[in-house]
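FYI, it's all coordinate maths here, none of it is from the lab. Remember, predicted model here, so these are calculated numbers, not experimental data. Quick reminder, even Gly has a Cβ in these numbers, built from the backbone with ideal geometry, and neighbours come from all protein chains shown.
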Amino acid sequence: MKTIALKEKTFDLLRELKEKRSRESFDELVLELVIEKEEVPDSMFGFLKGKTGGFTSKERKKIWKDEYRE
């Protein structure tokens, strides 16, 4: 797990967006935003396309078999 520094206004905007999109964590929100912004091709996510926001980090870890992801 990593820590990043944000200005108060940025944090407030992210917190509001997290609530608006009903995401359980900032990690889910940031991942979703990056995927949207970068227009990640379907082939990179396969059956997870469009569902990443619905999985908990524990579920993603199991699915992706990535022991470094928390």
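The table that follows gives values for the structure above.
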read-out	value
Cβ-based net charge around GLU16, under 13 Å, with every Lys or Arg adding one and every Asp or Glu removing one	+3
For SER22, SER57, order by how many other beta-carbon atoms lie within 10 Å, fewest first	SER22, SER57
10 Å beta-carbon shell around LEU29, net charge (K/R +1, D/E -1)	0
